[in-house]
Amino acid sequence: MWLFSLSTGSVLGVPLAPADPNPASEFGTSLAMEGELLLVGAPGADSDRGAGYLFSLANPAAAVQLNKVVPTGAVAGDNTGVTVALHQGRALLGCTLDEGGLGSVKAVNTRDLANPTPRVLAAQGGTSELGTQLAASSGLVAAAGSSPGNVQLFQASNETLFSVITPPELPAQVGALALNGSTLVVGDPFNDDQALNNGALYLIQKVTVPLVFETVAAKGDFAAGAENCQFASFGEMSLKGPLAFSSGLTGSGPGGGK
């Protein structure tokens, strides 16, 4: 992997390579960036078990490998990392030959790579080799397999499948996927409308994620950090950064009535 300066076109630092190089790892098959993180797929690593390598680009001229991401339970032949994405603190890795060829996408928390227990985005509706194509944006994860010609949409927050999209006339195999906000683009490389295998794109709008409601605090709940106190009422709230809210407290503790 080479990093380039967009302003000068020059190479930054030395070429990136895994800290544990092994034959036929296919390092560089896929890549994704988010902020200062770079995820590189190596589906041939460790007898095709595959892996993702996470780098910090805080200093692009001296990138640092943070971890080798191998989801717990991955076995030889899974092809983990044939596609990758980074989204909302998750490393997403396409595992096209997982589950006997059905495929899956494994989501690993990038903030806890010491324990890479994955959440699994599983294939639905007879799809094979899910994870052949992968994209993520704005709380959405779009994945497709080698067949049939559909795109499966998952919520990034909890890996739940909420929609399967089948564009009209889409052939057995979906091409590349791209997501930007609520817009999904699906490639159809074998479309024959203009000429044999001339190809086409499907533009799909608006793709939206169902709202997921989670109770953060409720009246009567124990107020963490306030001894023997419960929430009594709620006032102003803010979502600028961490969720913050003001609350009246009740109870026998020193915070009661405050």
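The values are calculated or read from the model by the stated rules, or taken from the named source; none is laboratory data. Just so we're clear, the structure is a prediction, and the values are computed from it rather than from any experiment. Don't worry about glycine lacking a Cβ; one is built from the backbone with ideal geometry, like all the others, and counts go over all protein chains shown. With ligands, DNA and RNA removed, areas are computed over all heavy atoms of the protein, side chains included. Shrake-Rupley method; radii C 1.70, N 1.55, O 1.52, S 1.80 Å.
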Open to solvent by less than 20 Å² (accessible area, probe 1.4 Å), of a type in the set (Val, Ile, Thr), touching a residue at least 24 places away in the same chain (Cβ under 8 Å) and touching a Phe, Trp or Tyr at 6+ places or on another chain (Cβ under 8 Å): does that describe residue 69? yes
Being modelled with pLDDT under 90 and at negative phi is true for just one of 183, 160. Which residue is that? 160
Could you tell me whether any residue of region 187-202 is under 26 Å from the mean Cα position of the chain (by Cα) and open to solvent by 80 Å² or more (accessible area, probe 1.4 Å)? yes
Filter region 1-59 down to the residues that are polar (S, T, N, Q), within 23 Å of the chain's Cα centre (by Cα) and open to solvent by 30 Å² or more (accessible area, probe 1.4 Å) and list them by number. 29
Those residues of region 90-127 which are open to solvent by 30 Å² or more (accessible area, probe 1.4 Å) and either basic (Lys, Arg) or more than 19 Å from residue 39 (Cα to Cα) (or both), in sequence order: 90, 97, 99, 100, 102, 111, 119, 122, 124, 125, 126
Single match in 9, 13, 73, 28 (criterion: assigned to a loop (DSSP other than H, G, I, E, B) and in contact with a helix residue (DSSP H, G or I) (Cβ under 6 Å, 6 or more places away or on another chain)): 13
Just checking, does region 48-68 include any residue being aromatic (Phe, Trp, Tyr) and either modelled with pLDDT under 95 or more than 21 Å from residue 119 (Cβ to Cβ) (or both)? yes
